C-alpha cells in the first residue's frame, strides 16, 4: 500500500515535469491497459474453468451416485454463493454490465469503481462455472474497462483521456475474450464511445492489438470456433438468408424485452436479494436435468452446429426457446454475466434449424446448414446489441472464414432493421433509457430529440366527418378555437384535414349541399407516435403548417392523435425539465464515481413522514447525506431550514445498509 501511495505522486510529478506529448501519454497508457486487460481476461477464463471443475467435476461427481437429477443443485448452490458475494461485497448496482460503463463514459468522465472488479470477476466466473445461462464477454469488458479507468484515475488524466482508456480496456476485453481484436475495436467505438469516427481510435487499436497478442501468446492463435469451409453458391440463396434475418430480428427484440421483464419480475419479489440468484439457479437447474446444453456459455453446442454435427430440428428449437427464457432468468435473478454468448447461441440454433428445413425444401441448391448457423449468430447478435459492424467482424474473426461474408452482412442488416422496428433500444441502451438516460454518439441527445410525438400529442381532439356540412364544420372550429381538424370517413379512417383556409377557399361556403369531404385537404403530412418532436417540427416547417395528424405506423388511416404548434411549446417545456433531470443525474453519477458510495434518488410520496418538515427536524440515518433536492425543474442545494415537500426528489449519498431506513422516511406506510 505504501509503495502504491508513493508511486502515484512520483508518476504525476514526472508527467508534470516532463510534460510529454498527449499521444505519448495516451499511447503508453493504452499499451499498458491492453496488456493487463489481456492478462485479466485470461485469468478470468482460468477461473471459469476452475469453477466448472469444482461444480460439475467435484460437486457434481459427489452427487452423481444419488442420480442424474441431482444436477439441478449445482446452479442453486452457485447462485447462493454468488448472491452472498454480491450482497456483502458489491451491493445493489444501478445498471447491469456494459450499460454501467456506457453511463460512466457519457456522464462521469469514464470514472468507474474499479475496486470492485476482483469480486465481480470472481462472482461472474462462479456464475458461468456453476451453470448459469450467461456469457463471459460482459465481465471481460468490465475487466478491461475498469482497468482502463483505474489507470486513468491513477495518473490523474483528464475526462477525455479516461474515457479513451475505458474504451481501450473494453476493446482489449473483447479482443481477449474472443481472440478478435478488430471486433474489440468496433465494439468500443460503436457501443462504448458511440461513434466510429472517434479521435480515440489510435489508443483503442493499440490496446486491442496488445491484448490479442498476449492472448495468442498464452493460449495460441486458434479462432474461437473451428468450422469447415462454407461457400456462397449462388444468388438464389439470398432470399433464404433474407428469411433468416427476418426471423432473427424478432427473436433478438424478444430476447431484449424478456431480459428486462425478468429483472422487473425478480425485483418485485419480496425475498432477500442474496437469495434471488439461487432461485434463478433452481429454474436453470430444473431445465438442465433434461437439457444439459443450457448450462453455462453453450460454446459446445455452437461448435456442434457449425461443424455439421446434425442435431434434430426439434432439439435445436427446444434449445432456442430454453436459452431465450433461461438467460433472462439468470440475468434477472442476479447472476453476473453477458448477453453476447447467449445471443450467439440463439442465432446458431435458429440458423441450424432453419438451414436443415431449407435443405429439405430446396435440395437442388446444395445448401450448407451450418452456414445458416454461422449467419444466424451474427444476425441475432446484431439485433440484440444494435452494433452491426461488431457482429459482422466478430463472426469473421471467430471463424476466420470470409466465404460467407456477403450473406452474413445481408442477414445482419435485415435483422437489425427488424429488431429496431420492434424494439428501438438495444439491450444496453434500454437499461439506460429506463433510468431516463438516452445517449446518441455516446452523449446526451439534443433537447427535442429526447421527446417523442406520443408524449405531447393530443388524443382527445374533436374530429369532423366527411359528411358534415361546411356550416357545421365552421361551428365546430369556432367553438373549439381550432384552425384545423382531422377528417374521418364513416369507417372511422383518416381521409384528410379540414382547415380555416379550406373553408375560405370553398366555392360557396354557404351552400348547404357542400360537405367537408368535398373541400378538405387530402394530401397530408403526418407524424408517428414514436418519432422525435424535432423530426415532426422540421416536417411542419416544410409547408408552414400548424398541425400534423398522428397515425399508427402499421396503418396510415388509423388516427391516434393530433400534434399542434401549441403542443410543441409544451414539448419544449418537458424537454427542458428532462434535460435538467439529466444534468442532475450526471452529477449523481460523477459523485458516486468519486466518492465510492451509493448515490440514490428517493421521491417523496404523499403521506411520507418527512413532508412539511425542515431537514434539521428529520432524524436521518447516520450514514446519509442529502446532496441535493430536485423540485420540478429546479435543483436545490439543501440547508437545515429547507422544508421537504411532496414530489421532491432527494439525491442522497448513502451506505447500502441505510437504504430501507430512508425509504421509511420518504414513502408512506413502509414497514
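Bear in mind these aren't lab numbers, they're just calculated from the coordinates by the rules spelled out. A quick note: this is a predicted structure, and the numbers were derived from the prediction, not measured. A quick note on method: Cβ atoms are made from the backbone with ideal geometry, for glycine too, and the neighbour counts reach across all protein chains shown.
Points worth noting:
- Judged by the mean number of other Cβ atoms found within 10 Å, the most tightly packed of the peptides 99-106, 625-632, 372-379 leads the ranking 372-379, 99-106, 625-632.
- Of the peptides 391-400, 200-209, 471-480, 601-610, the ranking by mean beta-carbon count within 10 Å, highest at the top, reads 200-209, 391-400, 601-610, 471-480.
- Prolate/oblate/rounded label for segment 466-529 (Cα gyration tensor, a/c 1.5): prolate
- Protection-proxy order for peptides 454-462, 144-152, each taking the mean of Cβ atoms within 10 Å per residue, highest first: 144-152, 454-462
- Cα gyration tensor shape for segment 235-444, rounded if a/c is under 1.5, else prolate or oblate: oblate
- When both segment 485-517 and segment 294-342 are represented by their alpha-carbon centers, they are found 58 Å apart.
- Shape class for segment 283-352: prolate, because the ratio a/c of the largest to smallest gyration tensor axis (alpha-carbon atoms, square roots of eigenvalues) is 1.5 or more and a/b beats b/c.
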